[in-house]
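Values in this text are rule-based calculations from the coordinates and carry no lab data. Everything numeric here is computed off the predicted structure, so don't read it as measured data. We place every Cβ from the backbone using ideal geometry, glycine too, and count neighbours over all the protein chains shown.
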Amino acid sequence: MKMPAKFGEPLSGDRVRCHLCPHLCVIPMGATGYCRARQNDRGQLYTLIYGSVTSMAIDPIEKKPLYHFLPGSDSFSIGTAGCNLSCRHCQNWTISQASLDEVDHEDLAPERVVELAKKYRCPSISYTYSEPAIWFEFVYDTAKLAHRDGLYNIYVTNGYMNIEAWEEIRPYLDAANVDVKAFSDDFYRRICRAPGLEPVLRTCEWMVEKGVHLETTYLVIPGENDDPEEIRKFCQWEVEKLGPDVPTHFSRFFPMYQMTDREPTPVRTLELALRIAKEAGLNYVYLGNVAGHQGDNTYCPSCGKLLIERFGFDILRYELRDHRCPQCGTEIKIFGDYRPAGR
């Protein structure tokens, strides 16, 4: 659905500059920006995807992945077409690398999204599957209504949005998982077709500063971002700039989209990343896409007791008492009480 968009700056020659994300697209008359979702219509910026939902599901919140926010609950999850990155390994490329007219979609009003979340007893709404930044206007309107009705809002994001936009959504943003796709500008330029890493780091640091619950994901791709020294620098930045309690997910790569010539990440590489993260001082480190591995569990950072045992997205055992380790009393940084899905 086409609607007027925020963050547009009229320029000479009927061009428009979009200030939503770091691409800062200068868009000629009739054209769209890098994301395929924001258009210059007669010198004014419009969104083409307001309420246009391409994907909708009830997901375990652990799938986002969020392990320290409303554990065990379901999250009503929606996505749209387009993205402001073009990652060669994207798992959702059929929607993220498409324009709206190339995919099936359903137009929903913000009120309807909130109604559905409540109908299916989901305490949160996740804006996910493709990049939520690009349909900012719809997410903002939906998030505002969600808060009014006591629901939480979650961004599953690449972090490529300017601080001005983050500040506007902040009153209604409760949690986020940010993909830090690598810890080098070179990776972002070659693999994601983006200017560089710095905007993502700035986003993460802003979230911690503003009190948004943050978890990060680092997809480990063989031969691209799996160098131990790069991972060590990433972990050191997290400890220094985000703090040791930000949950960090190292996820296993499987061949996808334009990188089907690669092998899946060896589990031993993920285990090395986990050791590096622990040595750097991170308290909560997880391994993704390796169901049944002990790296999926939460352990007390003080005494090592198993506190939350997981298999895939399911919680098998939950030992916390008032967010504290029952063995040594250490406070565990988790938002919300354990809430098994559907209860």
Okay, helix-only estimate at 222 nm for the chain: each DSSP H run of n ≥ 4 adds -39500 (n - 2.57), divide by all residues, round to 500 deg cm²/dmol; what do you get?
-6500 deg cm²/dmol
12 Å beta-carbon shell around Trp166, net charge (K/R +1, D/E -1)
-2
Give the separation of the Cα centroids, the range 120-179 to the range 281-343, in Å.
25
With Cα coordinates, the longest principal axis of the chain makes an angle with the long axis of helix 110-119, in degrees rounded to 10, of 30
Label 7 Å along Cα→Cβ of Met3; the range 76-114 residues with amide nitrogen under 11 Å?
108-112
Helix 228-237 vs. the chain, principal-axis angle (Cα, 0 to 90°, nearest 10)
80
Take the Cα atoms of the range 3-47, find their three principal axes, and give me the spread along each one in whole Å, biggest first.
22, 19, 15
Would you list which lysines come within 26 Å of Lys278, measuring only between C-alpha atoms, while excluding same-chain residues fewer than 8 positions from it?
Lys63, Lys64, Lys181, Lys210, Lys233, Lys241, Lys305, Lys333
Using alpha carbon coordinates only, what is the Rg to Rh ratio of the chain, with Rh defined as the Kirkwood radius?
0.96
Partner aspartates and glutamates for Lys6 [C-alpha distance under 15 Å; skip if fewer than 8 residues away on the same chain]
Asp41, Glu137, Asp141, Glu164, Glu167, Glu168
Rounded to the nearest 0.05, what FRET efficiency do Phe335 and Phe311 have when you use their Cβ-Cβ distance and R0 = 22 Å?
0.50
Go through 326-332, 173-179 and give me the packing order, highest mean Cβ count within 10 Å leading.
173-179, 326-332
